[in-house]
Amino acid sequence: MGRKKDGKMSAFRAEKFLVFMLFLFGMVLRAKGVWLEIPKSGIKCLFEDIRKSVVVMADYYVFWDEDYLNTNYTPRVSVKVTSPYGNAVHHQENVTHGQFAFTTSEDGSYMACFSTESSHDGGKAVTVGIEWKTGIAAKDWESVAKKEHVEGLELELRKLEGVVEAIRENLIYLKSREADMREVSERTNARVAWFSIISLGVCVAVSLVQVVHLKHFFEKKKLI
């Protein structure tokens, strides 16, 4: 009875672990679908904090309503994607759809800005749909399956392995960011402490100078 009970507990734990891994798999592989409504002659941006050496892929497309369908005008947008240091990694002018893909070379926030300059008199806001994928979510698993001749359970295990590796890399990245922020905080605290000590020293020195000056003044006036 004891062994049977232990076997059931082990199976239950394995099932819970599998459910947990599938949950992580869904969270990590989830692509970000975003809708932006860009006003006439306006601009809107979205950004994401991404670590170095991560693959980023995105598709974007413009939607228009019946106001545009009844005219010969087709709404278009201009797209510019910049790195944390302001380097342009993608730039397109007056397009209705497009895509970009790149591997990040810097840690920080990558920003994608969409703008429109409508020349149509009755032009309204333009709606842009963006599907943004990063890291493991941007990997082409169909190509991997064909190239390495894997399918079914083996392919799912490969995906889970990729998820675990992505989580490990994210944890390492967050740990390094935490260490950097802790170092900055400690340096700031040290500077504030030294500034307080110097300020106190200046106050004491000024007080002593005032006392000496007043004493000399009173002695000169023969008041003391």
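The values are calculated or read from the model by the stated rules, or taken from the named source; none is laboratory data. Quantities reported herein were computed from a predicted structural model and do not represent experimental measurements. FYI the Cβ positions are ideal-geometry reconstructions off the backbone, even for glycines, and counts take in every protein chain you see. Keep in mind that these areas ignore ligands, DNA and RNA; they rest on the heavy atoms of the full protein, side chains included. Shrake-Rupley method; radii C 1.70, N 1.55, O 1.52, S 1.80 Å.
Okay, residues lined up against (1) at pLDDT below 85; (2) touching a Ser or Thr at 6+ places or on another chain (Cβ under 7 Å); (3) acidic (Asp, Glu):
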site: PRO75; (1), (2), (3): yes, yes, no
site: VAL89; (1), (2), (3): no, yes, no
site: PHE102; (1), (2), (3): no, no, no
site: ALA112; (1), (2), (3): no, no, no
site: SER118; (1), (2), (3): yes, yes, no
site: LYS139; (1), (2), (3): yes, no, no
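Filtered by the rule that a residue be open to solvent by 70 Å² or more (accessible area, probe 1.4 Å) and among the aliphatic types (A, V, I, L, M), the range 185-205 gives VAL192, ILE197, ILE198, LEU200, VAL202, VAL204.
If you go through the range 165-201 and keep only what is without any contact (Cβ under 8 Å) to a residue 24 or more places away in the chain and among the β-branched types (Val, Ile, Thr), you end up with ILE172, VAL184, THR188, VAL192, ILE197, ILE198.
Inspection of the range 150-159 identifies at least one residue that is touching a residue at least 24 places away in the same chain (Cβ under 8 Å), surrounded by 11 or more Cβ atoms within 10 Å (Cβ to Cβ) and either assigned to a helix (DSSP H, G or I) or among the acidic types (Asp, Glu) (or both). Pairs linking a residue in the range 90-113 that is over 17 Å from TYR61 (Cβ atoms) and open to solvent by 30 Å² or more (accessible area, probe 1.4 Å) to a residue that is basic (Lys, Arg) and assigned to a strand (DSSP E or B), with Cβ atoms under 6 Å and 6 or more positions apart or on different chains, are HIS91/LYS80.
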